[in-house]
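Reviewing the structure listed below.
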Amino acid sequence: MDTAPRWATLSSMPFRLILIDGEAQPSQLSIDGPLELGRDPHCDIRLLGDSASRYHLRLEPQSGGVLVSDHRSRNGTWIEGERLNTPALAGDGSRLSAGGATWVILAEEQLQKCIIADGGLSLKAITAAEPRPWAQGDDPAELSGLHALTRRLAALDTTNERAALLVQLCNSWMKSDRCCIVRKHQIISGSCSPRLAKRLATGQQARLLVLGQELRGQTIAAEAVGSAATLPLAEDCWLLVVRGLDGEALSSEEFLRLNRLASEASPYFAQRNPHPLSELVGTSACMQRLRERILRISQADSTVLISGESGSGKELIARCLHRASGRCDGPLVTVNCAAVAPSLFEAELFGHEKGAFSGADQARPGRIRAAHGGTLFLDEIGELPLELQAKLLRVLQEGQVEPVGAHQPISVDVRIMSATNRDLASEVAAGRFREDLFYRLDVLRIVSPALRERREDIPILAAALLERLSKQHQRPPPALSPEALRILCQESWPGNIRQLANTLERALVLSETTITPADLELSTIPTASSETPPPPPPASPK
(Lines give C-alpha, C1' and ligand atoms only; values in the text may rest on other atoms or scores of the structure.)
Protein backbone atom coordinates (compact mmCIF):
# COMPACT_ATOMS: atom_id res chain seq x y z
CA MET A 1 0.00 0.00 0.00
CA ASP A 2 1.29 3.44 -0.94
CA THR A 3 1.75 5.46 2.26
CA ALA A 4 3.32 8.55 0.71
CA PRO A 5 1.60 11.85 1.58
CA ARG A 6 -0.95 12.99 -1.00
CA TRP A 7 1.08 16.15 -1.65
CA ALA A 8 4.28 14.33 -2.58
CA THR A 9 5.12 14.22 -6.30
CA LEU A 10 7.98 12.21 -7.76
CA SER A 11 9.73 14.40 -10.29
CA SER A 12 13.17 15.78 -11.05
CA MET A 13 12.08 19.15 -12.39
CA PRO A 14 13.14 22.58 -11.03
CA PHE A 15 10.61 24.33 -8.80
CA ARG A 16 9.59 27.86 -7.86
CA LEU A 17 8.14 29.08 -4.55
CA ILE A 18 5.30 31.59 -5.06
CA LEU A 19 3.57 33.60 -2.32
CA ILE A 20 -0.25 33.41 -2.46
CA ASP A 21 -1.20 34.85 0.96
CA GLY A 22 0.42 36.87 3.76
CA GLU A 23 3.55 39.00 3.67
CA ALA A 24 7.05 37.96 2.67
CA GLN A 25 9.92 39.36 0.64
CA PRO A 26 10.56 38.45 -2.11
CA SER A 27 7.16 37.16 -3.21
CA GLN A 28 8.65 34.39 -5.38
CA LEU A 29 11.98 32.65 -5.77
CA SER A 30 13.41 29.71 -7.70
CA ILE A 31 14.35 26.76 -5.51
CA ASP A 32 17.68 26.13 -7.20
CA GLY A 33 19.57 25.67 -3.93
CA PRO A 34 18.98 25.68 -0.16
CA LEU A 35 16.67 28.52 0.95
CA GLU A 36 16.25 29.86 4.48
CA LEU A 37 12.91 31.44 5.43
CA GLY A 38 12.43 33.48 8.58
CA ARG A 39 12.15 36.88 10.24
CA ASP A 40 15.91 37.54 10.19
CA PRO A 41 16.98 40.01 7.46
CA HIS A 42 19.71 37.60 6.32
CA CYS A 43 17.20 34.91 5.31
CA ASP A 44 16.68 34.25 1.59
CA ILE A 45 12.98 34.94 2.08
CA ARG A 46 12.09 37.25 4.92
CA LEU A 47 8.79 36.52 6.70
CA LEU A 48 7.00 39.70 7.78
CA GLY A 49 4.18 38.16 9.81
CA ASP A 50 4.05 38.36 13.62
CA SER A 51 4.00 34.56 13.99
CA ALA A 52 7.31 34.06 12.15
CA SER A 53 10.41 32.82 13.97
CA ARG A 54 13.84 34.28 13.33
CA TYR A 55 14.91 31.18 11.38
CA HIS A 56 11.65 29.42 10.66
CA LEU A 57 12.25 26.75 7.99
CA ARG A 58 14.55 25.55 5.26
CA LEU A 59 13.85 24.38 1.69
CA GLU A 60 16.25 22.24 -0.27
CA PRO A 61 15.76 20.86 -3.82
CA GLN A 62 15.85 17.07 -4.09
CA SER A 63 15.53 14.64 -6.97
CA GLY A 64 11.96 13.85 -5.95
CA GLY A 65 10.77 17.38 -5.09
CA VAL A 66 11.59 19.92 -2.38
CA LEU A 67 12.69 18.86 1.11
CA VAL A 68 11.01 21.04 3.78
CA SER A 69 12.54 21.22 7.27
CA ASP A 70 11.16 23.18 10.22
CA HIS A 71 13.73 24.83 12.57
CA ARG A 72 11.65 24.14 15.70
CA SER A 73 9.72 27.31 15.04
CA ARG A 74 7.32 28.72 17.59
CA ASN A 75 4.18 28.34 15.43
CA GLY A 76 5.22 25.50 13.15
CA THR A 77 5.27 24.79 9.42
CA TRP A 78 2.33 23.28 7.54
CA ILE A 79 2.03 21.41 4.24
CA GLU A 80 -1.48 21.05 2.81
CA GLY A 81 -2.94 21.72 6.26
CA GLU A 82 -0.79 19.07 7.99
CA ARG A 83 1.75 20.20 10.58
CA LEU A 84 5.30 19.23 9.76
CA ASN A 85 7.01 17.24 12.54
CA THR A 86 9.91 15.78 10.56
CA PRO A 87 11.54 16.84 7.27
CA ALA A 88 9.27 15.91 4.39
CA LEU A 89 9.25 16.04 0.62
CA ALA A 90 6.88 18.45 -1.14
CA GLY A 91 6.19 18.43 -4.87
CA ASP A 92 4.42 20.26 -7.68
CA GLY A 93 1.29 22.00 -6.40
CA SER A 94 2.09 21.62 -2.70
CA ARG A 95 0.86 24.39 -0.40
CA LEU A 96 3.25 25.51 2.29
CA SER A 97 2.30 27.73 5.27
CA ALA A 98 4.62 29.31 7.81
CA GLY A 99 4.86 32.56 9.77
CA GLY A 100 1.49 33.86 8.60
CA ALA A 101 2.27 33.36 4.90
CA THR A 102 1.24 30.71 2.39
CA TRP A 103 3.09 29.63 -0.72
CA VAL A 104 2.56 27.20 -3.54
CA ILE A 105 5.40 25.16 -5.00
CA LEU A 106 5.14 25.03 -8.80
CA ALA A 107 7.22 23.18 -11.36
CA GLU A 108 9.03 25.62 -13.66
CA GLU A 109 7.92 23.71 -16.77
CA GLN A 110 4.29 24.08 -15.72
CA LEU A 111 4.73 27.82 -15.26
CA GLN A 112 5.80 28.10 -18.90
CA LYS A 113 2.32 26.95 -19.94
CA CYS A 114 0.52 29.53 -17.81
CA ILE A 115 -0.31 33.21 -18.02
CA ILE A 116 2.45 34.77 -15.94
CA ALA A 117 2.07 38.15 -14.27
CA ASP A 118 3.94 40.30 -11.77
CA GLY A 119 4.53 38.88 -8.34
CA GLY A 120 4.22 35.24 -9.38
CA LEU A 121 0.74 35.38 -10.79
CA SER A 122 -0.30 32.55 -13.09
CA LEU A 123 -3.36 30.93 -14.55
CA LYS A 124 -3.77 28.01 -16.92
CA ALA A 125 -6.70 27.82 -19.29
CA ILE A 126 -8.39 24.41 -19.10
CA THR A 127 -11.33 25.32 -21.36
CA ALA A 128 -11.63 27.60 -24.37
CA ALA A 129 -14.80 27.99 -26.38
CA GLU A 130 -16.55 30.03 -29.01
CA PRO A 131 -20.20 31.04 -28.56
CA ARG A 132 -22.55 28.16 -29.44
CA PRO A 133 -25.88 28.87 -31.14
CA TRP A 134 -29.10 27.96 -29.40
CA ALA A 135 -30.27 24.42 -30.08
CA GLN A 136 -33.30 22.27 -29.33
CA GLY A 137 -33.30 21.21 -25.69
CA ASP A 138 -31.79 24.42 -24.31
CA ASP A 139 -33.46 25.95 -21.27
CA PRO A 140 -36.29 28.23 -22.52
CA ALA A 141 -36.25 30.22 -19.26
CA GLU A 142 -32.60 31.09 -19.81
CA LEU A 143 -33.35 32.07 -23.40
CA SER A 144 -36.20 34.30 -22.22
CA GLY A 145 -33.95 35.91 -19.61
CA LEU A 146 -31.29 36.70 -22.22
CA HIS A 147 -33.86 38.23 -24.53
CA ALA A 148 -35.04 40.44 -21.67
CA LEU A 149 -31.41 41.46 -21.08
CA THR A 150 -30.91 42.49 -24.70
CA ARG A 151 -34.06 44.61 -24.58
CA ARG A 152 -32.77 46.41 -21.48
CA LEU A 153 -29.33 46.89 -23.04
CA ALA A 154 -30.90 48.37 -26.18
CA ALA A 155 -32.88 50.85 -24.06
CA LEU A 156 -29.74 52.30 -22.46
CA ASP A 157 -27.88 55.19 -24.06
CA THR A 158 -24.24 54.70 -23.04
CA THR A 159 -21.78 51.84 -22.91
CA ASN A 160 -21.06 52.58 -19.24
CA GLU A 161 -24.74 52.11 -18.35
CA ARG A 162 -24.84 48.84 -20.28
CA ALA A 163 -21.66 47.66 -18.59
CA ALA A 164 -23.11 48.40 -15.13
CA LEU A 165 -26.26 46.40 -15.97
CA LEU A 166 -24.26 43.42 -17.26
CA VAL A 167 -22.00 43.40 -14.19
CA GLN A 168 -25.04 43.54 -11.89
CA LEU A 169 -26.62 40.58 -13.69
CA CYS A 170 -23.43 38.51 -13.59
CA ASN A 171 -22.96 39.14 -9.89
CA SER A 172 -26.50 37.97 -9.16
CA TRP A 173 -26.25 34.92 -11.42
CA MET A 174 -22.77 33.70 -10.58
CA LYS A 175 -22.23 34.86 -6.99
CA SER A 176 -18.77 35.97 -8.08
CA ASP A 177 -16.24 37.65 -5.81
CA ARG A 178 -15.22 40.07 -8.56
CA CYS A 179 -16.83 40.91 -11.87
CA CYS A 180 -15.91 43.69 -14.27
CA ILE A 181 -15.94 44.83 -17.87
CA VAL A 182 -12.60 45.90 -19.30
CA ARG A 183 -12.01 47.99 -22.44
CA LYS A 184 -8.39 48.23 -23.57
CA HIS A 185 -7.17 47.28 -20.09
CA GLN A 186 -9.29 50.01 -18.47
CA ILE A 187 -12.09 48.93 -16.11
CA ILE A 188 -15.32 50.66 -17.21
CA SER A 189 -17.60 48.93 -14.68
CA GLY A 190 -17.31 46.52 -11.76
CA SER A 191 -14.49 45.72 -9.37
CA CYS A 192 -11.15 44.10 -10.10
CA SER A 193 -7.55 45.12 -9.69
CA PRO A 194 -6.09 46.74 -12.84
CA ARG A 195 -3.20 44.27 -12.78
CA LEU A 196 -5.51 41.25 -12.74
CA ALA A 197 -7.76 42.75 -15.42
CA LYS A 198 -4.80 43.38 -17.70
CA ARG A 199 -3.60 39.79 -17.34
CA LEU A 200 -6.98 38.16 -17.87
CA ALA A 201 -8.24 40.25 -20.80
CA THR A 202 -6.12 38.53 -23.46
CA GLY A 203 -6.55 36.06 -26.28
CA GLN A 204 -9.36 35.64 -28.79
CA GLN A 205 -11.76 33.12 -27.23
CA ALA A 206 -13.77 32.78 -24.05
CA ARG A 207 -11.78 30.82 -21.47
CA LEU A 208 -12.43 29.07 -18.18
CA LEU A 209 -9.47 29.05 -15.79
CA VAL A 210 -9.71 26.91 -12.67
CA LEU A 211 -7.61 25.92 -9.67
CA GLY A 212 -8.41 22.34 -8.73
CA GLN A 213 -6.96 18.95 -7.90
CA GLU A 214 -6.27 18.36 -11.59
CA LEU A 215 -4.32 21.62 -11.84
CA ARG A 216 -2.70 21.95 -8.47
CA GLY A 217 -1.29 25.39 -7.86
CA GLN A 218 -2.39 26.89 -11.17
CA THR A 219 -3.59 30.18 -9.72
CA ILE A 220 -2.96 33.89 -9.81
CA ALA A 221 -1.22 33.90 -6.50
CA ALA A 222 -1.22 37.42 -5.11
CA GLU A 223 -4.82 37.95 -6.24
CA ALA A 224 -6.02 34.72 -4.55
CA VAL A 225 -7.89 33.63 -7.68
CA GLY A 226 -9.44 30.19 -7.56
CA SER A 227 -11.26 30.32 -10.89
CA ALA A 228 -12.07 32.87 -13.56
CA ALA A 229 -14.01 33.19 -16.79
CA THR A 230 -12.82 35.59 -19.48
CA LEU A 231 -15.35 36.35 -22.22
CA PRO A 232 -14.87 38.72 -25.19
CA LEU A 233 -17.65 41.26 -25.77
CA ALA A 234 -16.03 43.17 -28.64
CA GLU A 235 -12.60 44.02 -29.92
CA ASP A 236 -10.47 44.84 -26.86
CA CYS A 237 -13.54 44.57 -24.58
CA TRP A 238 -13.92 41.74 -22.05
CA LEU A 239 -16.27 40.47 -19.37
CA LEU A 240 -14.30 39.01 -16.44
CA VAL A 241 -15.85 36.88 -13.67
CA VAL A 242 -13.58 35.83 -10.79
CA ARG A 243 -14.05 33.61 -7.74
CA GLY A 244 -11.56 33.41 -4.90
CA LEU A 245 -9.68 30.46 -3.49
CA ASP A 246 -12.32 29.88 -0.80
CA GLY A 247 -15.26 29.74 -3.22
CA GLU A 248 -16.51 26.86 -5.34
CA ALA A 249 -14.84 26.83 -8.73
CA LEU A 250 -16.80 28.01 -11.73
CA SER A 251 -18.33 24.98 -13.43
CA SER A 252 -18.48 24.18 -17.13
CA GLU A 253 -22.25 24.76 -17.02
CA GLU A 254 -21.78 28.23 -15.52
CA PHE A 255 -19.11 28.97 -18.09
CA LEU A 256 -21.52 28.01 -20.88
CA ARG A 257 -24.20 30.36 -19.48
CA LEU A 258 -21.69 33.19 -19.25
CA ASN A 259 -20.50 32.53 -22.77
CA ARG A 260 -24.05 32.74 -24.09
CA LEU A 261 -24.64 35.88 -22.07
CA ALA A 262 -21.54 37.55 -23.52
CA SER A 263 -22.54 36.45 -27.03
CA GLU A 264 -26.00 38.06 -26.69
CA ALA A 265 -24.60 41.26 -25.15
CA SER A 266 -21.62 41.71 -27.49
CA PRO A 267 -23.43 43.78 -30.20
CA TYR A 268 -24.09 46.47 -27.59
CA PHE A 269 -20.38 46.83 -26.76
CA ALA A 270 -19.00 47.15 -30.28
CA GLN A 271 -17.24 50.46 -30.75
CA ARG A 272 -19.02 52.97 -32.94
CA ASN A 273 -15.72 54.05 -34.48
CA PRO A 274 -13.56 50.96 -35.04
CA HIS A 275 -10.69 53.11 -36.37
CA PRO A 276 -9.92 55.75 -33.72
CA LEU A 277 -7.21 57.35 -35.86
CA SER A 278 -9.25 57.51 -39.07
CA GLU A 279 -9.44 61.32 -38.88
CA LEU A 280 -5.66 61.65 -39.05
CA VAL A 281 -5.07 62.19 -42.77
CA GLY A 282 -1.62 61.79 -44.30
CA THR A 283 1.03 59.25 -45.22
CA SER A 284 4.17 61.27 -44.49
CA ALA A 285 6.84 59.94 -42.16
CA CYS A 286 5.95 62.41 -39.40
CA MET A 287 2.28 61.36 -39.56
CA GLN A 288 3.24 57.70 -39.31
CA ARG A 289 5.33 58.49 -36.24
CA LEU A 290 2.44 60.49 -34.80
CA ARG A 291 0.03 57.54 -35.19
CA GLU A 292 2.50 55.16 -33.56
CA ARG A 293 3.01 57.53 -30.63
CA ILE A 294 -0.74 58.03 -30.11
CA LEU A 295 -1.36 54.27 -30.06
CA ARG A 296 1.48 53.71 -27.60
CA ILE A 297 0.39 56.55 -25.29
CA SER A 298 -3.24 55.40 -25.44
CA GLN A 299 -2.31 52.30 -23.42
CA ALA A 300 -1.33 54.47 -20.43
CA ASP A 301 -3.54 56.68 -18.28
CA SER A 302 -1.04 59.45 -17.57
CA THR A 303 -1.49 63.13 -18.34
CA VAL A 304 -0.62 64.24 -21.88
CA LEU A 305 0.69 67.60 -23.11
CA ILE A 306 0.11 68.29 -26.81
CA SER A 307 2.23 71.08 -28.23
CA GLY A 308 2.35 72.60 -31.67
CA GLU A 309 1.56 75.66 -33.73
CA SER A 310 -1.91 77.15 -33.88
CA GLY A 311 -4.16 75.34 -36.37
CA SER A 312 -1.99 72.22 -36.61
CA GLY A 313 -4.66 69.85 -35.22
CA LYS A 314 -3.96 69.57 -31.49
CA GLU A 315 -7.63 69.10 -30.60
CA LEU A 316 -7.95 66.41 -33.28
CA ILE A 317 -4.99 64.57 -31.74
CA ALA A 318 -6.65 64.72 -28.32
CA ARG A 319 -9.88 63.34 -29.81
CA CYS A 320 -8.06 60.46 -31.51
CA LEU A 321 -6.10 59.69 -28.35
CA HIS A 322 -9.31 59.55 -26.32
CA ARG A 323 -10.94 57.20 -28.84
CA ALA A 324 -7.92 54.89 -28.83
CA SER A 325 -7.69 54.76 -25.02
CA GLY A 326 -9.49 52.63 -22.48
CA ARG A 327 -11.63 55.66 -21.60
CA CYS A 328 -13.24 55.76 -25.05
CA ASP A 329 -16.62 54.81 -23.55
CA GLY A 330 -16.48 57.79 -21.21
CA PRO A 331 -17.02 61.45 -22.12
CA LEU A 332 -14.49 63.75 -23.75
CA VAL A 333 -14.99 67.23 -22.32
CA THR A 334 -13.15 70.11 -24.00
CA VAL A 335 -12.42 73.46 -22.31
CA ASN A 336 -10.86 76.33 -24.25
CA CYS A 337 -8.96 78.13 -21.50
CA ALA A 338 -8.63 81.25 -23.67
CA ALA A 339 -12.36 81.56 -24.33
CA VAL A 340 -13.70 81.57 -20.74
CA ALA A 341 -13.85 84.83 -18.77
CA PRO A 342 -11.39 84.72 -15.84
CA SER A 343 -14.15 85.69 -13.39
CA LEU A 344 -16.22 82.65 -14.41
CA PHE A 345 -13.41 80.20 -14.95
CA GLU A 346 -13.35 78.65 -11.48
CA ALA A 347 -17.09 77.95 -11.48
CA GLU A 348 -16.94 76.69 -15.07
CA LEU A 349 -14.09 74.29 -14.40
CA PHE A 350 -14.73 73.14 -10.82
CA GLY A 351 -18.50 73.70 -10.56
CA HIS A 352 -20.39 75.56 -7.85
CA GLU A 353 -23.05 75.08 -5.22
CA LYS A 354 -26.40 76.82 -5.24
CA GLY A 355 -26.08 80.32 -3.81
CA ALA A 356 -22.27 80.28 -3.97
CA PHE A 357 -22.32 83.69 -5.67
CA SER A 358 -24.77 86.13 -7.18
CA GLY A 359 -26.68 84.44 -9.98
CA ALA A 360 -25.92 80.87 -8.85
CA ASP A 361 -29.58 79.86 -8.64
CA GLN A 362 -28.74 76.16 -8.95
CA ALA A 363 -25.76 73.87 -8.41
CA ARG A 364 -23.61 72.94 -11.41
CA PRO A 365 -21.07 70.10 -11.50
CA GLY A 366 -18.45 71.86 -13.63
CA ARG A 367 -16.45 70.57 -16.57
CA ILE A 368 -14.08 68.37 -14.53
CA ARG A 369 -16.89 66.38 -12.91
CA ALA A 370 -18.67 66.19 -16.27
CA ALA A 371 -15.59 64.33 -17.56
CA HIS A 372 -15.76 61.70 -14.77
CA GLY A 373 -14.82 58.31 -16.21
CA GLY A 374 -13.44 59.91 -19.36
CA THR A 375 -11.05 62.61 -20.52
CA LEU A 376 -10.78 66.35 -19.85
CA PHE A 377 -9.04 68.28 -22.64
CA LEU A 378 -7.74 71.71 -21.65
CA ASP A 379 -6.97 73.61 -24.84
CA GLU A 380 -4.64 76.62 -24.61
CA ILE A 381 -3.59 75.61 -21.09
CA GLY A 382 -1.08 78.47 -21.06
CA GLU A 383 -4.00 80.89 -20.68
CA LEU A 384 -5.11 79.36 -17.36
CA PRO A 385 -4.95 82.02 -14.59
CA LEU A 386 -2.26 81.48 -11.97
CA GLU A 387 -4.74 81.32 -9.09
CA LEU A 388 -6.55 78.41 -10.76
CA GLN A 389 -3.40 76.51 -11.58
CA ALA A 390 -2.97 75.50 -7.93
CA LYS A 391 -6.50 74.06 -7.85
CA LEU A 392 -5.91 72.13 -11.05
CA LEU A 393 -2.73 70.76 -9.49
CA ARG A 394 -4.82 69.28 -6.66
CA VAL A 395 -7.01 67.49 -9.18
CA LEU A 396 -3.93 65.95 -10.76
CA GLN A 397 -2.28 65.02 -7.46
CA GLU A 398 -5.23 63.76 -5.43
CA GLY A 399 -8.05 63.21 -7.91
CA GLN A 400 -10.33 65.61 -6.03
CA VAL A 401 -12.20 68.77 -6.96
CA GLU A 402 -13.80 71.31 -4.63
CA PRO A 403 -16.71 73.26 -6.18
CA VAL A 404 -17.14 76.94 -5.42
CA GLY A 405 -19.13 77.28 -2.18
CA ALA A 406 -18.56 73.63 -1.17
CA HIS A 407 -16.77 72.56 2.01
CA GLN A 408 -15.88 68.98 1.09
CA PRO A 409 -13.79 67.81 -1.89
CA ILE A 410 -15.35 65.41 -4.38
CA SER A 411 -13.35 62.54 -5.89
CA VAL A 412 -13.16 62.40 -9.67
CA ASP A 413 -11.71 59.90 -12.12
CA VAL A 414 -10.50 61.79 -15.18
CA ARG A 415 -7.54 61.71 -17.51
CA ILE A 416 -6.30 65.21 -18.26
CA MET A 417 -4.90 66.19 -21.63
CA SER A 418 -3.77 69.72 -22.35
CA ALA A 419 -2.59 71.61 -25.40
CA THR A 420 -0.69 74.80 -26.00
CA ASN A 421 1.07 76.70 -28.76
CA ARG A 422 3.26 78.44 -26.18
CA ASP A 423 6.61 77.35 -24.81
CA LEU A 424 5.49 76.47 -21.28
CA ALA A 425 9.07 76.17 -20.05
CA SER A 426 9.60 79.83 -21.00
CA GLU A 427 6.30 80.71 -19.32
CA VAL A 428 7.56 79.03 -16.13
CA ALA A 429 10.82 81.00 -16.30
CA ALA A 430 8.82 84.22 -16.73
CA GLY A 431 6.67 83.43 -13.69
CA ARG A 432 3.44 83.13 -15.69
CA PHE A 433 3.00 79.38 -15.22
CA ARG A 434 3.53 77.21 -12.14
CA GLU A 435 6.57 74.96 -12.37
CA ASP A 436 4.97 72.13 -10.37
CA LEU A 437 1.89 72.14 -12.61
CA PHE A 438 4.07 72.12 -15.73
CA TYR A 439 5.84 68.95 -14.61
CA ARG A 440 2.50 67.35 -13.71
CA LEU A 441 1.11 68.08 -17.17
CA ASP A 442 4.26 67.23 -19.09
CA VAL A 443 4.34 63.49 -18.33
CA LEU A 444 3.68 62.27 -21.87
CA ARG A 445 4.15 64.69 -24.75
CA ILE A 446 2.91 64.75 -28.33
CA VAL A 447 4.11 67.34 -30.84
CA SER A 448 1.66 68.20 -33.60
CA PRO A 449 3.67 68.69 -36.81
CA ALA A 450 3.28 71.92 -38.76
CA LEU A 451 1.79 71.63 -42.24
CA ARG A 452 4.99 72.88 -43.91
CA GLU A 453 6.78 69.86 -42.36
CA ARG A 454 4.48 67.44 -44.22
CA ARG A 455 3.94 69.04 -47.62
CA GLU A 456 3.56 65.61 -49.25
CA ASP A 457 0.27 65.25 -47.34
CA ILE A 458 -1.27 68.43 -48.81
CA PRO A 459 -2.88 66.72 -51.86
CA ILE A 460 -4.55 64.11 -49.62
CA LEU A 461 -5.57 66.74 -47.08
CA ALA A 462 -6.98 69.01 -49.76
CA ALA A 463 -9.10 66.21 -51.22
CA ALA A 464 -10.45 65.24 -47.79
CA LEU A 465 -11.21 68.85 -46.86
CA LEU A 466 -12.98 69.53 -50.16
CA GLU A 467 -15.14 66.45 -49.71
CA ARG A 468 -16.15 67.57 -46.21
CA LEU A 469 -16.75 71.18 -47.25
CA SER A 470 -18.83 70.10 -50.24
CA LYS A 471 -21.19 68.21 -47.95
CA GLN A 472 -21.52 71.28 -45.74
CA HIS A 473 -22.33 73.51 -48.72
CA GLN A 474 -24.50 70.82 -50.35
CA ARG A 475 -22.78 70.85 -53.71
CA PRO A 476 -20.57 68.41 -55.68
CA PRO A 477 -16.86 68.67 -54.84
CA PRO A 478 -14.98 70.67 -57.48
CA ALA A 479 -11.80 69.43 -59.12
CA LEU A 480 -8.48 70.97 -58.12
CA SER A 481 -6.43 72.16 -61.09
CA PRO A 482 -2.74 71.09 -61.23
CA GLU A 483 -1.65 74.74 -61.02
CA ALA A 484 -3.76 75.34 -57.91
CA LEU A 485 -2.47 72.16 -56.29
CA ARG A 486 1.12 73.17 -57.04
CA ILE A 487 0.57 76.53 -55.33
CA LEU A 488 -0.99 74.84 -52.31
CA CYS A 489 2.01 72.55 -51.97
CA GLN A 490 4.43 75.50 -52.18
CA GLU A 491 2.74 77.67 -49.56
CA SER A 492 4.32 77.99 -46.10
CA TRP A 493 0.92 77.87 -44.31
CA PRO A 494 1.63 79.82 -41.11
CA GLY A 495 -1.96 79.05 -40.06
CA ASN A 496 -1.46 75.33 -40.82
CA ILE A 497 -4.49 73.10 -41.52
CA ARG A 498 -6.96 75.74 -40.33
CA GLN A 499 -5.63 78.20 -42.93
CA LEU A 500 -5.68 75.50 -45.63
CA ALA A 501 -9.32 74.66 -44.81
CA ASN A 502 -10.33 78.33 -44.93
CA THR A 503 -8.56 78.78 -48.27
CA LEU A 504 -10.30 75.77 -49.78
CA GLU A 505 -13.70 76.87 -48.47
CA ARG A 506 -13.24 80.26 -50.08
CA ALA A 507 -12.19 78.60 -53.34
CA LEU A 508 -15.14 76.22 -53.20
CA VAL A 509 -17.60 79.09 -52.97
CA LEU A 510 -15.92 81.12 -55.75
CA SER A 511 -15.26 78.30 -58.22
CA GLU A 512 -17.59 76.61 -60.68
CA THR A 513 -16.41 73.07 -61.42
CA THR A 514 -12.64 73.44 -61.09
CA ILE A 515 -10.59 75.38 -58.55
CA THR A 516 -7.98 77.55 -60.25
CA PRO A 517 -5.17 79.64 -58.72
CA ALA A 518 -7.36 82.71 -58.99
CA ASP A 519 -10.02 81.07 -56.77
CA LEU A 520 -7.53 80.51 -53.93
CA GLU A 521 -7.05 84.24 -53.14
CA LEU A 522 -4.14 83.44 -50.85
CA SER A 523 -3.20 86.11 -48.31
CA THR A 524 0.23 87.71 -48.36
CA ILE A 525 0.97 87.78 -44.64
CA PRO A 526 4.79 87.60 -44.35
CA THR A 527 6.24 84.93 -42.05
CA ALA A 528 9.78 84.08 -41.07
CA SER A 529 9.19 80.44 -42.00
CA SER A 530 8.03 81.15 -45.55
CA GLU A 531 10.08 79.20 -48.08
CA THR A 532 8.31 80.30 -51.26
CA PRO A 533 6.62 83.68 -51.59
CA PRO A 534 2.90 83.35 -52.24
CA PRO A 535 1.57 84.41 -55.62
CA PRO A 536 0.10 87.91 -55.89
CA PRO A 537 -3.64 88.20 -55.33
CA PRO A 538 -5.73 88.10 -58.49
CA ALA A 539 -6.75 91.39 -60.01
CA SER A 540 -10.23 92.56 -59.16
CA PRO A 541 -12.66 92.14 -62.05
CA LYS A 542 -13.72 95.38 -63.63
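Measuring with a 1.4 Å probe in the full set of protein chains, what accessible area per residue, in whole Å², belongs to segment 337-429?
Values: 4350 Å² over 93 residues.
That works out to 47 Å² for each residue.
Could you compute the FRET efficiency for residue 489 and residue 442, with r as their C-beta to C-beta distance and R0 at 45 Å, rounded to 0.05? Mind showing how you got there, number by number?
Values: r = 34 Å, r/R0 = 0.76.
With a Förster radius of 45 Å, E is 0.85.
Ranked by the mean number of other Cβ atoms within 10 Å of their residues, highest first, the peptides 329-336, 20-27 fall in the order 329-336, 20-27.
Placing +1 on the Cβ of each Lys and Arg and -1 on the Cβ of each Asp and Glu in segment 153-193, which of 158, 192, 173 has its Cα farthest towards the positive end of the resulting dipole? Value computed over the given set: 192.
Please list 150, 230, 513 from largest to smallest accessible area, probe radius 1.4 Å, with all protein chains kept in place.
Working: 150 20, 230 0, 513 105 Å².
The ordering from most to least exposed comes out as 513, 150, 230.
Taking every protein chain into account, the accessible area of segment 237-315 amounts to 46 square angstrom per residue (probe 1.4 Å). Site pair residue 252 and residue 435 shows an inter-label distance of 6.6 nm when each label is modelled 7 Å from Cα along Cα→Cβ.
By how many nm would the segment from residue 506 to residue 370 grow when fully extended, if each residue of separation counts as 0.36 nm and the alpha-carbon distance is taken off?
Numbers: separation 136, 0.36 × 136 = 48.96 nm, distance 3.70 nm.
Difference between extended and current length: 45.3 nm.
Given a Förster distance of 51 Å, report the FRET efficiency between residue 175 and residue 288 from their Cβ-Cβ distance, rounded to the nearest 0.05. Could the numbers behind the result be given before it?
Working: r = 49 Å, r/R0 = 0.97.
Between residue 175 and residue 288 the formula returns 0.55.
How charged is the neighbourhood of residue 353? Take every other residue with its Cβ under 13 Å from the Cβ of residue 353, and add Lys/Arg as +1 and Asp/Glu as -1. Within the 13 Å Cβ shell, the charges total 0. A straight chain from residue 30 to residue 388 at 0.36 nm per residue would run longer than the Cα-Cα distance by 123.6 nm. Net length available on complete extension from residue 310 to residue 397 is 28.4 nm, with 0.36 nm assigned per residue and the Cα-Cα distance removed.
Measuring nothing but protein heavy atoms, the accessible surface of segment 383-433 at 1.4 Å probe radius is 44 percent carbon and sulfur. Protein heavy-atom accessible surface, 1.4 Å probe, per residue over segment 145-201: 46 Å².
Can you give the local net charge around residue 419? Use residues other than it whose beta-carbon is closer than 13 angstrom to its beta-carbon, Lys and Arg +1, Asp and Glu -1. In short, -2.
Could you list, in their original order, any pairs among 314/391; 198/391; 184/471; 314/471 whose Cα atoms are separated by more than 29 Å? Let's see the in-between values first.
Working: 314/391 24 Å; 198/391 32 Å; 184/471 34 Å; 314/471 24 Å.
Correct reply: 198/391; 184/471.
Counting only protein heavy atoms and a probe of 1.4 Å, the accessible surface of segment 253-373 is 49% carbon and sulfur. A straight line joining the Cα centroids of segment 247-318 and segment 167-198 runs 19 Å.
The values are calculated or read from the model by the stated rules, or taken from the named source; none is laboratory data. What you see is a predicted model, and the numbers here were worked out from it, not measured in a lab. Please note: Cβ atoms are built from the backbone with ideal geometry, for glycine as well, and neighbour counts cover all protein chains shown. Accessible surface is based on the protein model in full, side chains and every heavy atom, while ligands, DNA and RNA are left aside. Shrake-Rupley method; radii C 1.70, N 1.55, O 1.52, S 1.80 Å.
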